[in-house]
Amino acid sequence: MNSMRSTTLFQGSRSNIVYTVRTDTKTGKRTELCNGQGNVIAVWTRRDILPDTISWPQREGMPSMTVNKWLWKTQLPDKAQVHAVESPHGKLVWRTETTGHRHAVYLSPRLSRPIAYFTPKTEATSLALVLDSSAEPTRDDIVLSALILEHRLRTAYNAISAVGAQSSHSKSQCSHSRRQSRSDPERTRLIQTH
């Protein structure tokens, strides 16, 4: 799962396709989440001026809505900033950079044990989304919200990297002492690897 716009999610072996993620190659703005049979189960549309939207073509009575209305930011009693999704089977709470995972999702109010989480990419393995059997009823919501959150995180890291690179170019024109006080590229690389 190294691309949030075009990937295939397997269960067990590569022959057991559970989801396919495909994005319109002309605009790059419409991403479809399809089940193993190729049926579109969710559509994520990224827009330039108006808010991004999601829709669930196979869910009756579920209108298209803005991503931020479906996947909203909130705060836990311990002041932790999280994202939440109200799924048909309960409230999902995503925590970022917690318990050793890049993202982990919990079924509220049980916030002590994640029902799904990302395992990091290594030289030998791709990024993986690991789901507990208790996540099954909310699997579609977990996968779509995971794609959106991971896309946002990568976009933020790329922006940090671009600022770091731009800052490095500017720093070469500054004195050594000023270079030490500004964002250094080594720190930017460290942030990218988390």
Practice item. May I ask you to list pairs of residues, at least six apart or on different chains, whose Cβ atoms are under 6 Å apart, with the first in the range 64-81 being farther than 16 Å from residue 109 by Cα and the second being surrounded by 11 or more Cβ atoms within 10 Å (Cβ to Cβ) and among the hydroxyl-bearing types (Ser, Thr, Tyr)? Key: 64/53; 64/55; 66/53; 71/145
Practice item. Search the range 14-35 for residues being of a type in the set (Val, Ile, Thr) and either closer than 18 Å to residue 70 by Cα or in contact with a strand residue (DSSP E or B) (Cβ under 8 Å, 6 or more places away or on another chain) (or both), and hand back the single one that is surrounded by the fewest Cβ atoms within 10 Å (Cβ to Cβ). Key: 18
Point to revise | Conditions (1) crowded, with 17+ Cβ neighbours inside 10 Å; (2) touching a Lys or Arg at 6+ places or on another chain (Cβ under 7 Å); (3) more than 16 Å from residue 149 (Cα to Cα); number of the one not met by residue 80 | key: (1)
Review point. Scanning for something of a type in the set (S, T, N, Q) and touching a strand residue (DSSP E or B) at 6+ places or on another chain (Cβ under 7 Å), does the range 36-43 turn up at least one residue?
Key: no
**Study point:** strands (runs of 3 or more DSSP E) lying entirely in the range 1-85 (those with 2 or more residues that are within 22 Å of residue 125 (Cβ to Cβ) and touching a Leu at 6+ places or on another chain (Cβ under 7 Å))
**Key:** 13-23
Exercise for review: Only one of these is of a type in the set (Val, Ile, Thr), surrounded by 13 or more Cβ atoms within 10 Å (Cβ to Cβ) and more than 25 Å from residue 30 (Cβ to Cβ): 115, 142. Name it.
Suggested key: 115
Exercise for review: Among the residues of the range 49-63, write down those that are in contact (Cβ under 8 Å) with a residue 12 or more places away in the chain, over 30 Å from residue 16 (Cβ atoms) and either among the acidic types (Asp, Glu) or loosely packed, with under 14 Cβ neighbours inside 10 Å (or both).
Suggested key: 51, 52
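Give me a count of the residues in the range 90-102 that are assigned to a strand (DSSP E or B) and modelled with pLDDT under 80. Full working, then the answer.
Taking the range 90-102 as the starting set, the residues that turn out to be assigned to a strand (DSSP E or B) are 90-98, 101-102.
The next check asks that each one be modelled with pLDDT under 80; those that pass are 96-98, 101-102.
So the answer is 5.
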Point to revise | Number of positions in the range 103-144 that are hydrophobic (A, V, I, L, M, F, W, C), farther than 19 Å from residue 19 by Cβ and not in a strand (DSSP E or B) | key: 2
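The values are calculated or read from the model by the stated rules, or taken from the named source; none is laboratory data. Since we're looking at a predicted model, the values are computed, not measured. Here Cβ is always computed from backbone atoms with ideal geometry, including for glycine, and neighbour counts include all displayed protein chains.
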